[in-house]
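The values are calculated or read from the model by the stated rules, or taken from the named source; none is laboratory data. Just so it is clear, the model here is predicted, and its values are computed rather than measured. Using ideal geometry, Cβ is built from the backbone for each residue, glycine included, and neighbour counts are taken over all protein chains shown. These accessible areas exclude ligands, DNA and RNA; they are computed on the full protein's heavy atoms, side chains included. Shrake-Rupley method; radii C 1.70, N 1.55, O 1.52, S 1.80 Å.
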Amino acid sequence: MASQPFNERVEAFCRRLTDRRIDGSLAAAKGTAELLRQLITSSRLNTPEVMLAEVKRVGLRIQAAKPIELVIGNIVRRVLHIIREEMEAEQEEQDDDLLAGAAAGAHTPGGGDSVGGLSKAFRHPGATSSRTLSLHNLLDQGAMDEALASAAASLSPQSSAQLGGRGAAASPGPGGRRSSLDEKEKERRGGKAAQWDRKQEVIDGLNDLIQELKDIDEAIASQAAEHIHANEVILVWGYSRTVLAFLRRAAEKRNFEVVVTEGAPTYQGQQMARELAAAGIRATLIADSAVFAMMARVNKVVATAQALLANGGVMAPVGMHIAAMAAKRHSVPFVVLCGIYKLSTLFPHNPAVNFNDFKDPEDVLPLTHEAVGIPRRIAEETVARMQAEGDESWKLGLPSSLPQLTIVNPSYDYVPPELISLFVTDQGHGFMPSYVYRQLTEFYHRQDFILDKRQLDQLIG
């Protein structure tokens, strides 16, 4: 359905993700949102059903390019949620128009009995025009659906004309919205399908989402004075752009000290300490191994996260679990700064969650280091000796007793929810890990929690 140039842009973006040329979750989220905005503005996406299918298809393609970036799936879910909200709003408008037409029909001869009964049903305290089931309207939902059908059947031709054909001309289809058979029939006959009249609202919602991503750090930093108090000692791990902006904003109104860990093996904590000192904030640089020893002097730990999972745990920079355990042991609050775009519907045990990404081992130990050359030199000497002795078994593999050196450089730690005190997001409020489930229902539609059916099959099979 998408045009060839757009598909080429998607593939180019996927190659950049795979080649690690897009650094950071925010850049991946912005790129995904901008691609989906280009997709939705396409003139060929004229119905919400087609729009949902295309957004999901393109989103899964981008997610497959880098599964570790869970924010890609999060942005896809946000876009799907925007579309579904407009579909529900359109359905509510149709229901309201239908009820208004039924009320007008009550004043026509022969229409008073049935419409009067319907009016009583709709005046029921539990009645609602929403098509979403809840404990409050569950018992009234059947009466509502029956009343809507009866109202549509009782409309006079004049009332139908007043509704502009939106009420009686088309009955609600599966999923609570009008069927798109008329658009498909028009396409079959060679005519041009009418554009969905709420498409512009979807585009406006996407523009708001992209602007939200651009203002993430500023929105989080604006809350700094509420969480950092005078003369506190704050511990941070390594380097984080979001944490740095947060502390700079707090320094405008508070005097405090920051303890910064080096963040091995990249030692970006040294850069963090330099930038804090340049901003006039007292900073102390320590080794990662000194976190537990220093925690007794700390009033609060401020951290960031790669992803916020559905159980309230986070994927954080490697080493953060150590800091979280030390904070728990000393009863020090552990605060996570996290944009809401990092909120994922996946749990830690989901097969789709790839917990780690392994970086260049040379960051840990350069290839020119003597320790790297020892196993290679011993292996070469062993092969030469076996050849001199006429032993050809070296061709099948060297003895396992030879020394080997494996270097592992993981990127992330998993911090469980019981070690986290508070999340501070760009939505202007903080919440505890136990409140994450409410955030999920606010920003995502339940139908989109699992984007790929294969993931769902793995979960239930």
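For the range 261-267, take each phi angle, set θ = phi - 60°, evaluate the Karplus expression 6.51 cos²θ - 1.76 cosθ + 1.60, and give the result in whole Hz per residue in order, putting x for glycine and proline.
The phi angles translate into 7, 5, x, 4, x, 7, 6 Hz.
Using a 1.4 Å probe and ignoring any ligands, DNA or RNA, find the accessible area of Tyr239 and quote it in Å² to the nearest 10.
Roughly 70 Å² of Tyr239 is accessible to a 1.4 Å probe.
Could you go through the range 319-335 in sequence order and give the Karplus-derived ³J(HN,Hα) for each residue, using 6.51 cos²θ - 1.76 cosθ + 1.60 with θ = phi - 60°, rounded to whole Hz, and x for Gly and Pro?
x, 5, 4, 4, 5, 5, 5, 5, 5, 4, 5, 9, 6, 9, x, 10, 9
Could you sort out which of Lys300/Lys359; Lys30/Lys359; Lys66/Lys342; Lys56/Lys199; Lys328/Lys359 sit more than 21 Å apart by Cα distance in this structure?
Lys300/Lys359; Lys30/Lys359; Lys328/Lys359
Go through the range 57-70 residue by residue and turn each phi into a ³J(HN,Hα) via Karplus (6.51, -1.76, 1.60, θ = phi - 60°); whole Hz please, and just put x for glycine and proline.
Once θ is set to phi - 60°, the couplings for the range 57-70 become 5, 5, x, 5, 5, 5, 4, 5, 5, 8, x, 5, 7, 5 Hz.
Place a point 7 Å from Cα of Glu232 in the direction of its Cβ. Which residues in the range 311-328 have their backbone N less than 16 Å from it?
Taking a point 7 Å out along Cα→Cβ of Glu232, the residues of the range 311-328 whose backbone N falls under 16 Å are 327-328.
Rolling a 1.4 angstrom probe over the protein chains, ignoring ligands and nucleic acids, what is the accessible area of Glu418 in square angstrom, nearest 10?
The accessible area comes out at roughly 110 Å².
Using amide H atoms built in the peptide plane, which far-off residues or other-chain residues are under 5 Å from Arg282 H to H?
Close amide H contacts, sequence-distant or interchain: Phe256, Val258.
Taking Rh as the Kirkwood radius computed over C-alpha pairs, what is the Stokes-Einstein D of the range 1-52 at 10 °C in a medium of viscosity 1.306 mPa s, expressed in µm² per second?
Translational diffusion coefficient: 133 µm²/s.
What Kirkwood radius, in Å to one decimal, follows from the Cα pairs of the range 189-286?
Roughly 16.0 Å, rounded to one decimal.
How much length, in nm to one decimal, is gained on full extension between Arg241 and Phe6, taken as 0.36 nm per residue of separation minus their Cα-Cα distance?
This chain segment gains 81.4 nm when fully extended.
According to a simple spin-label model (label point 7 Å from Cα along Cα-to-Cβ), what is the distance in nm between Asp23 and Ala277?
For Ala277 paired with Asp23, the spin-label model returns 2.3 nm.
Could you estimate the translational diffusion coefficient of the range 282-363 from the Stokes-Einstein equation, with Rh from the Kirkwood formula over C-alpha pairs, at 37 °C and 0.692 mPa s, in whole µm²/s?
228
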